[in-house]
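The block underneath contains the structure these notes are about, expressed in structure tokens.
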Amino acid sequence: MFKLYKQKKRKKNYQGFTLLEMLIVLFVIAVLIILFVPNLMKQTDGINKQGDAALEKVIVTQSEMYYLDNNERPKSTDELLAGGYISKDQKDKADKLEIKVE
């Protein structure tokens, strides 16, 4: 009978987490999210700015390629697109950012 009592007591200790333990874990996760989300948003803005600067360099480089091939400067991104110097996505993004063709 003594063994049976010990076995029942052990099973009772491993039933699961208490409500308080779950609330503490959720609180810690919430604090971590509050601390890191603003930093991620700042990094996203920096990445977007770097991407825009890279696109501008591509447009300038491809304008130079157009000039070397055609002996005249392109008047717009439409000419670069028609000549196959940039993709449609690059043209749309350049037009949206108002990047001028030199």
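The values are calculated or read from the model by the stated rules, or taken from the named source; none is laboratory data. Note that the structure is predicted; figures quoted are calculated from it, not measured. Cβ: placed from backbone, ideal geometry, glycine included. Neighbour counts: every protein chain shown.
Some values worked out for this structure:
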| item | result |
| --- | --- |
| Only one of Gly46, Gly16 that is at positive phi and either at pLDDT 90 or above or of a type outside the set (D, E, K, R) (or both) | Gly16 |
| Residues of the range 46-102 satisfying the condition of being among the hydroxyl-bearing types (Ser, Thr, Tyr) and buried (at least 17 other Cβ atoms within 10 Å of the Cβ) | Ser63, Tyr66, Thr77, Tyr85 |
